[in-house]
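Notes to accompany the following structure.
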Amino acid sequence: MMRWSAVLMLAFSVSASRLGAQAATEPPQVPLCMIGDSITWAQEGDWWRSYLLEQIPTLAFVGTHTAVLGYSHAGEGGNNTTAVLRRLDDIPACANYHLLIGTNDGAGNTEEEQITRAQACADRIVQIVQGLLAKPGTAKVFLGSILPCDTDKPTRDETNSRVNAILRPQIGTLFPDGRVVWVEYEHPIRAIRNWGPIIKLHPTKVGYRLLATILAQALRDELGLAERLEAPKPAEGAGVRVVNLWQGDATIQPIIAGWYTMSFDVKAAEEGATITLTGEGTDPKKTMVQSLKLTPDQVGQRVTWNLMTGYAGYGYTTGVIRMTTERCSVERVQFEKRRPSGLASAYAEGTSLDRTSPISPGELVELE
């Protein structure tokens, strides 16, 4: 699967490299890149980050994706441990990582199969952690135990629990320098009577609030964070780094499934004017087609269009997104990851530091 272009990854690397320089906010932000599968980002998953911000307002989320509330992350629907290993190089450098992966690695139908699958999954998780520790500037990797899951296939839950049982007692031995922190989700969840309806396969908002409470405490303990923190205030001249993924009539690269904001100036528009975006990935049966109507009174205005590509592997496959226009023309097009404000960033080509648009909690703030 094709990934982010060099210019985008450079932007993330620059962001990470500046974390040790002059603080762009007061108090300083705590960068966190959350890696995983659909539990990390799909359905109600972005509320996990929202609830984390309620408890630790200095968090700044880093990643290649955005979800419905606009927080950056590096989760990808349908991923198993092998898929994360394949895209490990594309995950941006960050001081702190949270990894929750493994539930999609398959279930064994017999005890012997479960033991074999669980060991292989655990081994790949260790490889992912080692890869994250090798990235520049990594301070901590918070490794979450695979969540219990309430599905019609109990062997999945049983196999996942075996993975946890393998990893849980070994973390201190495998990573004796203390840079890897085990975050225990399984035991507290199973201790809740009738936990199934709030965790399911993808947690409800109630379930995500529980996960946020557990993770927030682990972050506070390991990073020495106070129980109460003030929301960070940006320094003068600070902003949020933005990558414009558009050039000409298409994106400059294949677009990962997620939530995006497109903005443009309307140069001309007649009655019945429309803009259509078409994303053709590797599967011709899963082609994204979305249209936006324009009106003549929008000529001379800048229009913002928030859109979601569709979930990976379901209604969408990663591909270049192209634009066609009917009875209209537009210019100065910007296509960017959705921001928490839902607003478009100040227009710029390539990579830029937007110092004029509103900065939302959870966004990584930078100084040049």
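The values are calculated or read from the model by the stated rules, or taken from the named source; none is laboratory data. Since we're looking at a predicted model, the values are computed, not measured. Using ideal geometry, Cβ is built from the backbone for each residue, glycine included, and neighbour counts are taken over all protein chains shown.
Assorted remarks:
- Of all the residues in segment 296-315, those that are loosely packed, with under 15 Cβ neighbours inside 10 Å and either among the aromatic types (F, W, Y) or farther than 24 Å from A257 by Cβ (or both) number 6.
- Residues of segment 144-188 satisfying the condition of being farther than 14 Å from L201 by Cβ, in a helix (DSSP H, G or I) and not hydrophobic (A, V, I, L, M, F, W, C): E158, S161, R162, N164, G172, T173, E186, H187, P188
- Filtered residues of segment 302-315 (kept if farther than 18 Å from N79 by Cβ, under 19 Å from the mean Cα position of the chain (by Cα) and free of Cβ contacts under 8 Å to residues at least 60 places away in the same chain): N306, L307
- First in segment 283-299 and assigned to a helix (DSSP H, G or I), second anywhere and surrounded by 15 or more Cβ atoms within 10 Å (Cβ to Cβ), Cβ under 9 Å, 6 or more apart: P296/A268; P296/A269; P296/A273; D297/A269; Q298/V266; Q298/A269; Q298/A273; Q298/C328
- Failed criterion for L211 (all others in (1) of a type outside the set (G, A, S); (2) farther than 20 Å from F61 by Cα; (3) surrounded by 14 or more Cβ atoms within 10 Å (Cβ to Cβ); (4) touching a residue at least 12 places away in the same chain (Cβ under 8 Å) hold): (2)
- Residue in segment 305-324 that is in a strand (DSSP E or B), modelled with pLDDT of 95 or more and touching a helix residue (DSSP H, G or I) at 6+ places or on another chain (Cβ under 9 Å) present: no
- Verdict on T318 being in contact (Cβ under 8 Å) with a residue 40 or more places away in the chain, outside the structural domain of D46 (by TED's automatic domain parsing) and buried (at least 20 other Cβ atoms within 10 Å of the Cβ): yes
- A348, sole failed condition from (1) surrounded by fewer than 16 Cβ atoms within 10 Å (Cβ to Cβ); (2) closer than 24 Å to V242 by Cα; (3) free of Cβ contacts under 8 Å to residues at least 24 places away in the same chain: (3)
- Residue that is nearest to G258 (Cα to Cα) [pool: residues in segment 27-41 that are out of contact with any helix residue (DSSP H, G or I) (no Cβ under 7 Å at 6 or more places or on another chain) and surrounded by fewer than 22 Cβ atoms within 10 Å (Cβ to Cβ)]: S38
- You will find that of G144, G108, G63, G77, the residue that is in the same structural domain as V163 (by TED's automatic domain parsing) and at positive phi is G63 and no other.
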